[in-house]
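To keep things clear, I will list the structure first and then write my remarks on it.
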Amino acid sequence: MVAGTGGAGEPEPSDSMRTFGAMVQALREHTGLSREQLGEHVRYSKHMVAAIEVGRRLPPQGFVERADPVLGNTGVLRRSAPHVVRKPGLARWFREWARLEREAISLYTYECRLIPGLLQTEAYARALFVNQLPPLSEEQIEAQWEARADRQRLLRERPNTAFSFVLEEHVFLRQMGGTEVTREQIDHVLEIAQLPNVAIQIMPQLRESHAGLAGPIQLLETPENNWFAYNEAQRGALFISDQKEISVLQQRYARMCAQALSPEDSVSLLQRMRGAL
């Protein structure tokens with residue numbers, strides 16, 4: 001199956017976020033506090049309180065610690081907060097892929113536009129969010145970064161998963177966010193490249209043949225050895241389960257791995273790029 005999806009959208013609340021928010025609202029109303037009054041007690045704005053109550057925002061630890069005593073000191077917020085999680089992924093159209101991503105034993109990514117989300121620093125990600133059109137609110141930016149940071153835990157929490165990245169050299173040369181953001185981003189990629197389950201290869205700008213000119217590719221293998229693919233476009237994405245389509249993408253990805261610099265030479269190139277900034 002090759003499934004098309006709609007527009008990008010923003011992160012969706014999870015059931016646990018909605019449930020936690022409903023508890024906060026019920027306890028707040030039971031104690032007779034307005035959102036603004038609760039915000040003063042917990043040192044967050046009334047807008048943050050509202051976002052948590054409707055399930056749009058994950059509750060910060062400081063909010064939980066300060067809200068529990070104010071709302072009856074029952075301990076229910078402290079006990080439930082660790083179970084509040086955002087649904088995997090950054091939007092509706094990404095959720096199925098993100099669900100599979102969390103269980104995958106192999107994850108392959110080719111990217112020609114930007115640093116992939118799994119490798120982004122917070123500063124780099126925020127530079128992308130700020131430049132997004134239509135513009136995002138501060139609340140949306142915070143939510144998107146939290147979801148992305150949560151995904152990035154996969155790199156370290158799944159040491160038996162093989163991660164492979166083929167990245168175009170120009171995604172670093174663009175210097176998205178400026179020189180300091182780029183320095184930090186390269187340092188971060190170099191650090192991730194040291195993980196034993198991660199291979200990062202750079203596709204040099206000067207290359208007479210290139211198997212990935214049709215665009216980005218993401219491939220994953222499940223514990224049952226089934227393969228899926230996911231390709232993003234401007235206003236949507238394709239989730240692919242058709243094995244014939246996946247075979248084509250696997251061939252292209254394998255050829256790109258042969259065409260790109262080796263992991264060792266890629267690290268050397270990144271180090272030189274870092275030194276030139």
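How many residues are closer than 30 Å to ALA51 by Cβ, open to solvent by less than 10 Å² (accessible area, probe 1.4 Å) and of a type outside the set (A, V, I, L, M, F, W, C) if we restrict to region 145-191?
Looking only at that region, the number is 1.
Within region 211-252, take every residue that is under 27 Å from LEU133 (Cβ atoms) and more than 21 Å from the chain's Cα centre (by Cα) and give me the one that is least open to solvent (accessible area, probe 1.4 Å).
GLY212
Would you be able to say whether some residue in region 83-100 is in contact with a Leu (Cβ under 9 Å, 6 or more places away or on another chain), open to solvent by less than 50 Å² (accessible area, probe 1.4 Å) and at pLDDT 90 or above?
Checked against the condition, which is being in contact with a Leu (Cβ under 9 Å, 6 or more places away or on another chain), open to solvent by less than 50 Å² (accessible area, probe 1.4 Å) and at pLDDT 90 or above, region 83-100 yields no hits at all.
Looking for something out of contact with any Pro (no Cβ under 9 Å at 6 or more places or on another chain), modelled with pLDDT under 90 and either under 28 Å from LEU249 (Cα atoms) or hydrophobic (A, V, I, L, M, F, W, C) (or both) - is there at least one such residue anywhere in region 104-118?
Among the residues of region 104-118, not one is out of contact with any Pro (no Cβ under 9 Å at 6 or more places or on another chain), modelled with pLDDT under 90 and either under 28 Å from LEU249 (Cα atoms) or hydrophobic (A, V, I, L, M, F, W, C) (or both), which makes the answer no.
Is it true that TRP145 is within 15 Å of the chain's Cα centre (by Cα), free of Cβ contacts under 8 Å to residues at least 24 places away in the same chain and not in a strand (DSSP E or B)?
So TRP145 passes the test.
Specify which of the listed residues (ALA50, ALA26, ALA22, ALA8) is small (Gly, Ala, Ser), buried (at least 16 other Cβ atoms within 10 Å of the Cβ) and at pLDDT 90 or above.
One residue alone meets the criteria, ALA50.
Within the set of pairs 6+ apart or on separate chains, which have a first residue in region 189-203 that is under 16 Å from PRO159 (Cβ atoms) and small (Gly, Ala, Ser), a second that is open to solvent by 20 Å² or more (accessible area, probe 1.4 Å) and at pLDDT 95 or above, and C-beta atoms under 6 Å apart?
Every condition considered, the pairs that remain are ALA193/VAL267; ALA199/PRO263.
Show me the strands (runs of 3 or more DSSP E) found entirely inside region 212-268 where at least 2 residues are at pLDDT below 95.
Answer list for region 212-268: 227-232, 237-240.
The values are calculated or read from the model by the stated rules, or taken from the named source; none is laboratory data. Just so you know, these numbers come straight off a predicted model, no measurement behind them. Note that each Cβ is placed from the backbone with ideal geometry, even for glycine, and that neighbours are counted across all protein chains shown. Surface accessibility is based on the protein's heavy atoms, side chains included, excluding ligands, DNA and RNA. Shrake-Rupley method; radii C 1.70, N 1.55, O 1.52, S 1.80 Å.
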